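Participant: First the structure, which I've put down as structure tokens, then a few questions once you've had a look.
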Amino acid sequence: PLVEAPGEYHVASPQPMNLVFFRDACLHLARISRVLTQPRGCSLLVGVGGSGRSSLVRLAASMWGYPCHTIEITKSYDSSAFHDDLKRFMFDAGCKAKPTVFLFSDTQIISESFLEDINNLLNAGEVPNLMEPEDMERILADVRPLAKAAGRPESRDAIYAYFVQLVRQNLHIMLTMSPIGDAFRVRCRMFPSLVNCCTIDWYDEWPRDALH
């Protein structure tokens with residue numbers, strides 16, 4: 001039940017959230033849950049900071065038992081580190097065939113190349129030139145039994161194609177962005193998969209019962 005979800009999250013998480021539920025929050029949580037339970041379910045959550053977007057994603061992922069990953073921005077964090085994180089999330093989703101949530105905020109965009117990679121992931125399930133030879137060997141070794149069990153051919157190309165399919169099915173990308181300013185409009189035009197491949201959930205102004 002929804003009323004028990006926050007308590008269960010607090011027990012399992014080292015970073016508890018003090019949430020007060022009102023009708024709009026419950027509706028947003030239901031939308032996020034519906035997206036997470038669908039194959040290829042990804043979402044674009046649009047609202048100002050502090051409206052509860054990230055907290056509800058973490059809670060929804062916890063309700064379904066999905067790991068929720070994000071990136072940690074440091075002074076040395078760059079595109080190479082971002083690629084390493086992406087590969088880690090993709091291996092969970094594709095090599096282990098495990099539903100995985102990737103929570104990414106516009107405050108974490110230190111390079112527009114991050115969004116280009118996410119755009120490719122949303123559209124095609126892969127990032128060009130991301131995998132090194134050793135990564136490919138890991139994919140072939142881990143995905144071959146899964147492909148065989150699914151009745152797929154065991155050629156190198158067929159196994160990698162099945163890996164991409166599993167990534168698209170299991171990696172749920174949840175983007176939180178603010179509509180304030182020109183950056184949001186520009187990014188939606190430059191990276192159309194942010195809109196075309198995502199369910200959009202708008203976090204409008206808080207209703208009166210929420211303020212109370």
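Participant: Quick check on my filter: what residues within the stretch 111-146 are of a type in the set (A, V, I, L, M, F, W, C) and more than 21 Å from the chain's Cα centre (by Cα)?
Facilitator: MET136, LEU140, ALA141, VAL143, LEU146
One line per residue, one yes/no per condition, for (1) touching a residue at least 40 places away in the same chain (Cβ under 8 Å); (2) farther than 18 Å from ARG40 by Cβ; (3) surrounded by 13 or more Cβ atoms within 10 Å (Cβ to Cβ); (4) among the basic types (Lys, Arg):
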site	(1), (2), (3), (4)
ILE118	yes, no, yes, no
ALA124	yes, no, yes, no
ASP135	yes, yes, yes, no
ALA150	no, no, no, no
ALA161	no, no, yes, no
LEU171	yes, no, yes, no
MET177	yes, yes, yes, no
THR199	yes, no, yes, no
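Participant: Taking into account only those residues within the stretch 38-77 that are hydroxyl-bearing (Ser, Thr, Tyr) and farther than 15 Å from ILE173 by Cβ, which is modelled with the lowest pLDDT?
Facilitator: Here the residue is SER51.
Participant: State which residue is nearest to THR176 (Cα to Cα) when the search covers only the stretch 89-116 and only residues that are β-branched (Val, Ile, Thr) and surrounded by fewer than 20 Cβ atoms within 10 Å (Cβ to Cβ).
Facilitator: By that ranking, first place goes to THR107.
Participant: Of the conditions (1) open to solvent by 20 Å² or more (accessible area, probe 1.4 Å); (2) on the phi < 0 side of the Ramachandran plot, ASN129 clears all except one; give me its number.
Facilitator: Checking ASN129 against (1) open to solvent by 20 Å² or more (accessible area, probe 1.4 Å); (2) on the phi < 0 side of the Ramachandran plot, the one that fails is (2).
Participant: Let me ask another. Here are some conditions: (1) open to solvent by less than 20 Å² (accessible area, probe 1.4 Å); (2) over 30 Å from GLY49 (Cβ atoms). VAL167 meets all but one. Which one does it not meet?
Facilitator: (2)
Participant: Give GLU126, GLU137 a once-over and let me know the one that is charged (D, E, K, R) and part of a loop (DSSP other than H, G, I, E, B).
Facilitator: GLU126
Participant: Let me ask something else. Of the residues that sit in the stretch 68-88 and are part of a loop (DSSP other than H, G, I, E, B) and among the polar types (S, T, N, Q), which one is most open to solvent (accessible area, probe 1.4 Å)?
Facilitator: Across the stretch 68-88, the extreme among qualifying residues is SER76.
Participant: Can you find even one residue in the stretch 22-32 that is buried (at least 20 other Cβ atoms within 10 Å of the Cβ), more than 26 Å from ALA161 (Cα to Cα) and either among the aromatic types (Phe, Trp, Tyr) or at pLDDT 95 or above (or both)?
Facilitator: Yes, that holds for at least one residue.
Participant: Name the residue that is farthest from PRO99 (Cα to Cα), counting only residues in the stretch 147-171 that are under 23 Å from the mean Cα position of the chain (by Cα), assigned to a helix (DSSP H, G or I) and hydrophobic (A, V, I, L, M, F, W, C).
Facilitator: Result: ALA161.
The values are calculated or read from the model by the stated rules, or taken from the named source; none is laboratory data. Because the structure is predicted, anything quoted here is derived from the model rather than measured. Here the Cβ is made from the backbone with ideal geometry for all residues, glycine too, and neighbour counts use every protein chain on show. For the accessible areas, the whole protein counts, side chains as well, though only heavy atoms, and no ligand, DNA or RNA atoms are used. Shrake-Rupley method; radii C 1.70, N 1.55, O 1.52, S 1.80 Å.
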